[in-house]
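S.K.: Can you read through this structure? Questions will come right after.
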Amino acid sequence: MDVLEDKEAKLNPSQTDYNQRFNEIVSEETNPDGEWKDNTGQDNSKGPLGASPAGNGFNKVNFLRSKGPITGVIVTIVAALTGITALTGMPALIVVQVREVLFGSLNDAEPALSTRTTLMMSQKISSVSNAFNESADGVCGIKCKFGTISETMKLNLESPNNKFKVEFDAKKFGGRYVIKSLTFPDGHTVTNGADFKQALNDPVRGSAFNKIFNSKTAYLLNSKFGNAIKTKLGIDKLAKWTGETKEKAVASLREALGLQGDSAATDPTLKLSPEERARSGPLKPVFEAIDTVKAKSGEKITNIAGGACTLYDGARVITFAEKAKKIAAYAAFAMLFLNLADKIKAGDNPDPDVVAQAGRQLTDYQTNKTNADGTPNVYYGKSATDSIGYQMGAYQDAPGTLSAQDQTYSIGPTNLLASVLTGVTTYLIGGGQVGISAAHTLCKFANDPKVSIAISCGPEIAVAAATGIETVGIGAALSALECAVRTGITIFAMSQVLSNLISKAIGFIVAGTEIPTLDETTVGPPAGNAIYNGTATIAGAESATYGMMAGSTADIKQYALDTAAIKNQNDAIARYDARNTPLDIQNQYSFLGTFIRSAGLINGKSTSVLSYANIIASIIPRSFASLLSPASAASNITAAEAKANLYNNQCQDQSLKSIGVDGNAFCIPSFVMSKSELNANGNNVLDAMINSHNIDSITGDAIPGSDYQKYLDNCPNRVDPLGETPASIADDDYEWKVGLRCTEKSALLSNFRDYTMDKSINDTMDE
């Protein structure tokens, strides 16, 4: 054994055959050819393992030296545990783990942004024609900007820390540069875009460029993302959760969520009736929308078709208001935890009581065996990581049919309210995407006094259909209308249906069964579901802002397959970085990064490090294995299928289905780009956008009134939930406002999506 240990200690890790020789030594140690000599109890000069030469004490240096390469393993584990302790203990570890798992799973934009970033940078390296030739009237227009870099990017490349060498062809317009050649820190030089793209396939070079511009993080730091979530979700990406005591941490949480009182127990609004509480609190906009619809129901409806359209508008306003409230509530709740995790990762020393409160909400079990109404509590004995949401994010598990309690956390309408609204929606737009277009045409006719009487009659409906209304798409609606006429359903009855609909909606919303309360008492699966939904909403807002499209199940699977190569390439870079920085908590492939993502969460009431011993023991092998094992083609297909299954027939929200979008179990969509969009030539896209008079050739901004401006207003910059709008179905731009055209698969919309992403990338590089 002494001989083998001596061989082990003399090995040089820089030797090319190091791994082979080390494995041979290990094999000899574990499978000796001869007999081992039993020195137990003998008075050897070396003494017991790790003892001093005289045998009278423990010598740490001798112990570590005797173990050879295993020293690195021991030091890494000790350092990892020390690092976790420095994160203010296990609650911090849990907060970071949940953030890493969920955002990593839900960030649809990452592979698309990475792909288009490479193409954008390729476009800036000695393009066929000098980018300055694309300027006009002495101004660097949008084509000029896309082919050059800013002073900021130049300084980043030339920084002594980054060690790139750049040869510039020219400088003009107060700080725009054309790159003639780019030399990586390892000495490799590229002189055109194709060579640059190829160079990034090497993890060493990809890692070097990530220090200049990392597409995984750059787009969360730019001003566009912050403005987007502020406008769309009403939340700030800056942390707002503080408090140096438990009570102050709770009060800060409630203030950030817009709740009254310093705690749930002292909330003064509890003294109000349920409807008064709802009308005076965050649900005020919901009731304002409902009151508007209620007023509409009293108006004179001149024909059966008009009555159906009014019913449809009423249903849309109610579901719009409910979804908007849920989305805002989940996003605000999740952002508190996401921001806290980022503060911990960055070493910003968040208040310990805030970390402890967050840890409690993520690890405490539900302790009530029954709900307030006496029904069994399906969440009993479960923590946040037992939630459907966390299981979907961490393991890609499609839950199928949700329990009644889980349905409460769906973004889509649920329970009786869902059946009422779904019935109204299906009644008019049963034809899906084609049906909603036809219903839009029908309702425009219905609101025209000259033809309103004609539409009330079966024969006239047939005539109208023959002269332009798409009967195939709106088949269900036309049949229902004709049936309504023939059976003598009156206009008064239509008004009654609308009134009943509103009454039922108010009842459900006031009772709180449609919008769960989220505060400091939210623990167990409700916390996990809320954080998952909020994270998915924030990631979706990011994806949409950069031009991506909400997809169907087929779209989602194809996008996963089309981006597998770039994800594998990014993973290879991360694995390379992980070997040099095993304690980088932000790298999922580093030892500590894998540890964070793999750690099992248990009851937060236990704070002893020893209580996590079994978990740690099972994670360590996976943490080292993560440095190797690249993805295979088979695993890419499996991952794509798992992702698609999360959206395959999981959501029955007719509003999403009517615009061709599939949602997950909580009716939240996933965002995609087609293969042709991912690989589109940026210069060709620019030419198409300029030649179609959709953008200004100098500023690159949308021309007012253009289709591109309508696209920006209703798709990337959309505030309303997809499939919902307070606008009437008879509105001229209804197909834009409801989101139908956002999912259009045409050359025009593909150019819109590509250009939106490319401009975002270029602007971010300039920032």
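The values are calculated or read from the model by the stated rules, or taken from the named source; none is laboratory data. Bear in mind that the values here come from a model prediction, so they are computed numbers and not experimental data. Here Cβ is always computed from backbone atoms with ideal geometry, including for glycine, and neighbour counts include all displayed protein chains.
S.K.: If you scan region 372-414, which residues turn out to be surrounded by 16 or more Cβ atoms within 10 Å (Cβ to Cβ) and at positive phi?
M.R.: Gln396
S.K.: Okay, next question. Taking interchain pairs and intrachain pairs at least six residues apart, which have beta carbon atoms under 8 angstrom, with the first residue in region 244-259 and of a type in the set (S, T, N, Q) and the second in a helix (DSSP H, G or I) and surrounded by 20 or more Cβ atoms within 10 Å (Cβ to Cβ)?
M.R.: The qualifying pairs are Ser252/Val354.
S.K.: To continue, here is another question. Take the residues in region 636-675 that are among the hydroxyl-bearing types (Ser, Thr, Tyr) and in contact with a helix residue (DSSP H, G or I) (Cβ under 9 Å, 6 or more places away or on another chain); name whichever of them is farthest from Glu724 (Cα to Cα).
M.R.: Within region 636-675, the match that is farthest from Glu724 (Cα to Cα) is Ser674.
Yes/no per residue for (1) among the aliphatic types (A, V, I, L, M); (2) in a helix (DSSP H, G or I); (3) over 12 Å from Tyr755 (Cβ atoms):
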site: Gln652; (1), (2), (3): no, no, yes
site: Cys667; (1), (2), (3): no, no, yes
site: Glu677; (1), (2), (3): no, yes, no
site: Ile690; (1), (2), (3): yes, yes, no
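S.K.: Moving on. May I ask you to list the residues in region 707-747 that are surrounded by fewer than 16 Cβ atoms within 10 Å (Cβ to Cβ) and either more than 27 Å from the chain's Cα centre (by Cα) or more than 24 Å from Ile538 (Cα to Cα) (or both)?
M.R.: Asp732, Asp733, Lys745, Ser746, Ala747
S.K.: If you don't mind, there's one more thing I want to ask. From the list Leu93, Leu106, pick out the single residue that is touching a helix residue (DSSP H, G or I) at 6+ places or on another chain (Cβ under 8 Å) and modelled with pLDDT of 90 or more.
M.R.: The conditions single out Leu106.
S.K.: Tell me which residues, restricted to region 162-175, are at pLDDT 90 or above and in contact with a Lys or Arg (Cβ under 8 Å, 6 or more places away or on another chain).
M.R.: Val166, Glu167, listed by residue number.
S.K.: Follow-up question, since we're still on this one. Among residues belonging to region 112-161 that are assigned to a loop (DSSP other than H, G, I, E, B) and surrounded by fewer than 15 Cβ atoms within 10 Å (Cβ to Cβ), point out the one that is modelled with the lowest pLDDT.
M.R.: Only one residue fits best here, namely Val128.
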